[in-house]
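The values are calculated or read from the model by the stated rules, or taken from the named source; none is laboratory data. As the structure is a computational prediction, the values presented were derived from the model and not from experiment. Cβ coordinates were reconstructed from backbone atoms using ideal geometry, including for glycine residues, and neighbour counts include every protein chain displayed.
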Amino acid sequence: MGNYFESSNITYEAAQNAVSVAIAEGAKIGVLAVVTVVDPSLTMVAFGKADGATPHSVETSRRKANTAASTRKKTGWMSDAFAIQLPLGTGGLLTNIQGGSPLKFEGKHVGGLGVAGGTPDQDASIAAATLAAIGADAD
């Protein structure tokens, strides 16, 4: 076993594009979206907030992105008990609310996308549309 490993990270340009696309996708369905993109280490790479979006959605979008990047799964899959324990165990860093998607290109995991501002179903729909529009791998 070696002394290091290599990982892939989303570029700022790709992350900022994802944010712009997600905000536009939200506008199409009347949602003032808040969007966060993080790399696999949960470091924020890009962020955007539609004018007039709710302030609490800022943190929610980040937590959705963190969860998707960390688990490499869309948010919303956990059992009720785990969905309560996860935020408590991580000091609120992670969440199970729908709207988070892992970001993968050509099979390489490069981060997480978090969308907030609408209902959980709307946020998940915006995230899925964003992945398709930016050419990311489907979840």
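Before moving on, here are some points about what is shown:
- Qualifying residue in region 128-138 (condition: touching a residue at least 40 places away in the same chain (Cβ under 8 Å), touching an Asp or Glu at 6+ places or on another chain (Cβ under 6 Å) and hydrophobic (A, V, I, L, M, F, W, C)): yes
- Checked against the criterion of being buried (at least 17 other Cβ atoms within 10 Å of the Cβ), β-branched (Val, Ile, Thr), at pLDDT below 95 and more than 10 Å from the chain's Cα centre (by Cα), the candidates 90, 95 yield just one match: 95.
- Hey, residue 82 at pLDDT below 95, aromatic (Phe, Trp, Tyr) and either surrounded by 21 or more Cβ atoms within 10 Å (Cβ to Cβ) or over 15 Å from residue 45 (Cα atoms) (or both) or not: yes
- Selection status of residue 41, closer than 19 Å to residue 10 by Cβ, among the hydroxyl-bearing types (Ser, Thr, Tyr) and at pLDDT 95 or above: yes
- Residues of region 129-139 that turn out to be buried (at least 18 other Cβ atoms within 10 Å of the Cβ), out of contact with any helix residue (DSSP H, G or I) (no Cβ under 6 Å at 6 or more places or on another chain) and part of a helix (DSSP H, G or I), as a count: 1
- Residue 16 being more than 24 Å from residue 137 (Cβ to Cβ) and either at pLDDT 95 or above or of a type outside the set (Ser, Thr, Tyr) (or both): no
- The condition of being surrounded by 14 or more Cβ atoms within 10 Å (Cβ to Cβ) and not in a helix (DSSP H, G or I) holds for only one of 76, 26, 52, 30, that being 76.
- Flag for residue 63 being at positive phi and either within 10 Å of the chain's Cα centre (by Cα) or of a type in the set (D, E, K, R) (or both): no
- Of the set (1) among the small types (Gly, Ala, Ser); (2) free of Cβ contacts under 8 Å to residues at least 24 places away in the same chain; (3) closer than 18 Å to residue 68 by Cα, all apply to residue 14 but (2).
- Pairs, first without any contact (Cβ under 8 Å) to a residue 60 or more places away in the chain in region 47-68, second surrounded by fewer than 18 Cβ atoms within 10 Å (Cβ to Cβ) and of a type in the set (A, V, I, L, M, F, W, C), C-beta under 6 Å, six or more apart: 52/32; 66/42; 66/93
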